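Quick notes on the structure that follows.
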Amino acid sequence: MLDLWMVPVAIVIIYLLSSIKILREYERGVVFRLGRVLPQPKGPGVVLVFAPIDRIIRISLRIEAMEVPAQDVITRDNVTVKVNAVVYFRVIDPTRAVIEVANFLYATSQLSQTSLRSVLGEVDLDSLLSQREKINLRLQTVLDQQTGPWGVKVTMVEVKQVDLPEQMIRAIARQAEAEREKRAKIIHAQGEFEASEKLAMAAEQIQRQPAAIQLRYLQTLVEIGAEKNTTVVFPLPIDMMSSLTRALEHLAGGPKSA
């Protein structure tokens, strides 16, 4: 008789033990009782789930990192590129994440791919390459608005890599080379302009002190002689050459006038 009473007790004990569920700190349990969801999710810690009346679905509240596969995107200036990204999101409302969408992970993944193509299709190639932070913020805003009703919060979106066609890479390289040549020419012209200003100031200074030109001649001879060459330089003043030229012209013009 004692054995007959132990069987139901053992069944009840086993049933109660199987009804005990332990949820981790980052987990919440959405419980359906007779098909109706309970107002508040269970957990963390020890919760009781009485099957088959109750059914529990575990939802993690940790941030998930989901990679968006490479997408073929046509930018606003009709350039075809391959772009992939990574989306960081977390569940903030477990109940809505279960009852509002069949699979919030799959739905978020598909929405990320379509949003990536649509948002990047509104910008040109230069903005895609240089304004990455602005584009990431735009993607995050769009995704967060769409996933909010599902109880999912998109915390960050990062465009990982942009693959350009070979001809576009060569065109960008030629553009960068032309830009560098432009800057080099501007710098060279600026240097010539500043040098001409300094030479004009030096010429004015020498004109006020005629002896300074003789000192420059002597300094030039010293610099040439320091190289131990056989070159001999005879500096002649420009005024002397002008006077000699006028004398020759006068002599050449005398017989003609006679």
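The values are calculated or read from the model by the stated rules, or taken from the named source; none is laboratory data. These numbers were taken from a predicted model, which means no experiment stands behind them. No Cβ is skipped: glycine too gets one built from the backbone with ideal geometry, and neighbour counts run over all protein chains shown.
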- Residue identified as outside the structural domain of Glu158 (by TED's automatic domain parsing) and assigned to a helix (DSSP H, G or I) among Val46, Val31, Val7: Val7
- Message: Take Pro149 and tell me if it is more than 24 Å from the chain's Cα centre (by Cα), touching a residue at least 40 places away in the same chain (Cβ under 8 Å) and either surrounded by 13 or more Cβ atoms within 10 Å (Cβ to Cβ) or over 19 Å from Ala65 (Cβ atoms) (or both).
- Response: yes
- Query: In segment 93-122, which residue that is without any contact (Cβ under 8 Å) to a residue 24 or more places away in the chain and outside any helix (DSSP H, G or I) is surrounded by the fewest Cβ atoms within 10 Å (Cβ to Cβ)?
  - Reply: Ala102
- Message: Condition first: at pLDDT 90 or above and not β-branched (Val, Ile, Thr). Can you find one or more residues in segment 7-16 that meet it?
- Response: no
- segment 13-35 residues that are polar (S, T, N, Q), paired with ones that are exposed (fewer than 11 other Cβ atoms within 10 Å of the Cβ) (beta carbon under 8 Å, 6 or more apart): Ser18/Ala51; Ser19/Ala51
- Item | Candidates Ile92, Ile74, Ile63, Ile59, filtered to the one that is at pLDDT below 90 and farther than 30 Å from Ile11 by Cβ | Ile74
- For segment 88-133, enumerate the residues that are among the aliphatic types (A, V, I, L, M) and over 14 Å from Val159 (Cβ atoms). Val91, Ile92, Ala97, Val98, Ile99, Val101, Ala102, Leu105, Ala107, Leu111
- Query: Can you tell me which residue in segment 70-92 is surrounded by the most Cβ atoms within 10 Å (Cβ to Cβ), limited to those that are in contact (Cβ under 8 Å) with a residue 24 or more places away in the chain and outside any strand (DSSP E or B)?
  - Reply: Thr75
